[in-house]
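To start, the structure under review is shown below, and the notes come after it.
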Amino acid sequence: MIPLAAAAPPLAEPAPGTGVPGFGTDPWWLIGGKVLAIFVFLVVTVLMTMWIERRVIGRMQLRVGPNRAGPFGLLQGLADGVKLALKEDIVPRQVDKVVFVLAPVMAAVPAFISFIIIPFGPRVSIFGHETALQGTDLPVAVLLVLAMSSMAIYGIVLAGWSSMSPYSLLGGLRSSAQMISYEIAMGLSFVAVFMFAGSMSTSQIVAAQHDKWFVVLLAPSFVVYVITMMGESNRIPFDLPEGEGELVGGFHTEYSSLKFAMFFLAEYINLATLSALATTMFLGGWRAPAPISTVWAGANSGWWPVLWFLIKIFLFIFFFIWLRGTLPRVRYDQLMKLGWKVLMPFSLGWILLVATIRALRNDGYDMRQIVIVAAVAAAVVLVATVIWEMVRGGEGEKEIVPDAAQGPRTDPSAGGFPVPPMDAPHYHGRAREPSRQATIETPSEEVTSGTH
């Protein structure tokens, strides 16, 4: 249990149509200032995250890291942004140009929108006007974040499809499959939080953690969310959509210059958004931890909560970086098995347990100790299951070994580049007629080959 300071002061009456107290009454200049501040914060956070990641991984690998551009290499991210902006924007021939250009925008814009409902702190006075340190809030604010993350996947999938490249297409398809499996588990991890907070509003979820954080009561939900947010971020160990070993660069193989920079920007903004959402949902949001709040009555008032909030966010970002420098990339079958066979069934069972506990609590039973014991036991079971699945890998699965009796296989590049023909002669040991013939003219000769 983490005792914290007293609950936040009561908020103003809800504005018509908002349904959330204290929002919808700010003047236009204050709303514009909040939007500008969030935009600047995200851009600066991306630059700082890039520098921190390179320096931290450099130390982990006994390297120096960036130390030339600016003091301690702090301007390295800015130099990379200028370099990308000045590079030639190459667009391959045969691409769907409209979708090819819109895809990076669809990936970057939702990343910015998601942060508008994240609370940075309590109500403060700005130029004599009392307002919450939050862009806005909605009765279903958390669902807005999930919707925006789903919209960003459209940008990745359309980028792979419009590139007219098999590597990009496979990267986009992997991303969509990964999103479906891990987005569902992430949504299920939030259900227990909604039950305890009684709301989907981010400000009210933070207010519900004034005496104890949900990371204590809902530890299994927190563990599930941490795993799924790694899958949502498309980073190691779950960076299958852009695995350079088999897909060159994945969905953004054909992109360059500012279009590639927008994908890069969206990835790092998602790190900040996922970290901020974890802080809001499970770590008390902007509230100070127990050692500080118990000895300092003003720790959760004024502008100080912004500091606690930023510390929690950058601790999560460091966790992302630590994993990237530590873990290898998992296989795709391990990725999907973890999402569908472990996280989802466990989340459903945990939701049933939480619902039962809440029902007994409403009937007057003291369930605090039972909740803590059940949460710890469930978290241990989940972690043990995940480790077992990762260590076990593909053991016990039947290995497919080609039979020599099937006959000789054709050259994979015989049907053209880069997709081999699935209907080539003697494929799978029996002759087939090519589906069609295509003539490729070269300066020296004409080569006739079957195409897929």
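The values are calculated or read from the model by the stated rules, or taken from the named source; none is laboratory data. Note that the coordinates shown come from a computational prediction; the quantities given were computed from them, not determined experimentally. All Cβ positions, glycine included, derive from the backbone under ideal geometry; neighbour counts span all protein chains shown. Keep in mind that these areas ignore ligands, DNA and RNA; they rest on the heavy atoms of the full protein, side chains included. Shrake-Rupley method; radii C 1.70, N 1.55, O 1.52, S 1.80 Å.
Elements of the type helices (runs of 4 or more DSSP H) sitting completely within region 296-385 and holding at least 3 residues that are touching a helix residue (DSSP H, G or I) at 6+ places or on another chain (Cβ under 6 Å), of a type outside the set (A, V, I, L, M) and at pLDDT 85 or above: these cover 304-324, 344-362.
Taken over region 273-296, the criterion of being among the β-branched types (Val, Ile, Thr) and in contact with a Phe, Trp or Tyr (Cβ under 7 Å, 6 or more places away or on another chain) is satisfied by 273, 279. In the set 215, 224, only one residue is surrounded by 18 or more Cβ atoms within 10 Å (Cβ to Cβ), under 30 Å from residue 187 (Cβ atoms) and more than 15 Å from the chain's Cα centre (by Cα); that residue is 215. Take the residues in region 144-178 that are aliphatic (A, V, I, L, M) and more than 19 Å from residue 253 (Cβ to Cβ); name whichever of them is least open to solvent (accessible area, probe 1.4 Å). Taking the candidates together, the pick is 145. Cβ separations smaller than 7 Å between residues 6+ apart or across chains give the following pairs from region 293-319 residues that are free of Cβ contacts under 8 Å to residues at least 60 places away in the same chain and under 18 Å from residue 42 (Cβ atoms) to residues that are open to solvent by 20 Å² or more (accessible area, probe 1.4 Å) and assigned to a loop (DSSP other than H, G, I, E, B): 312/283.
For region 77-99, filtered to residues that are in contact with a Leu (Cβ under 7 Å, 6 or more places away or on another chain) and of a type in the set (A, V, I, L, M), the residue that is most open to solvent (accessible area, probe 1.4 Å) is 78. Among the residues of region 69-83, is there at least one that is at positive phi and at pLDDT 85 or above? Checked against the condition, which is being at positive phi and at pLDDT 85 or above, region 69-83 yields at least one hit. When 277, 258 are checked against the criterion of being within 18 Å of the chain's Cα centre (by Cα) and in contact (Cβ under 8 Å) with a residue 60 or more places away in the chain, a single residue qualifies: 277. Could you please find all residues in region 334-361 being touching a residue at least 60 places away in the same chain (Cβ under 8 Å), over 11 Å from residue 378 (Cβ atoms) and crowded, with 20+ Cβ neighbours inside 10 Å? Of everything in region 334-361, those that are touching a residue at least 60 places away in the same chain (Cβ under 8 Å), over 11 Å from residue 378 (Cβ atoms) and crowded, with 20+ Cβ neighbours inside 10 Å turn out to be 335, 338, 339, 343. Confirm whether residue 258 is surrounded by 24 or more Cβ atoms within 10 Å (Cβ to Cβ) and of a type in the set (A, V, I, L, M). Considered against the rule, which asks whether it is surrounded by 24 or more Cβ atoms within 10 Å (Cβ to Cβ) and of a type in the set (A, V, I, L, M), residue 258 comes out as no. Counting only helices (runs of 4 or more DSSP H) that sit completely within region 132-250, those holding 3 or more residues that are modelled with pLDDT under 85 correspond to 141-162, 166-197, 219-232, 244-247.
Taking the listed residues 74, 47, the one that is more than 23 Å from the chain's Cα centre (by Cα), open to solvent by 30 Å² or more (accessible area, probe 1.4 Å) and not basic (Lys, Arg) is 74, with no other qualifying.
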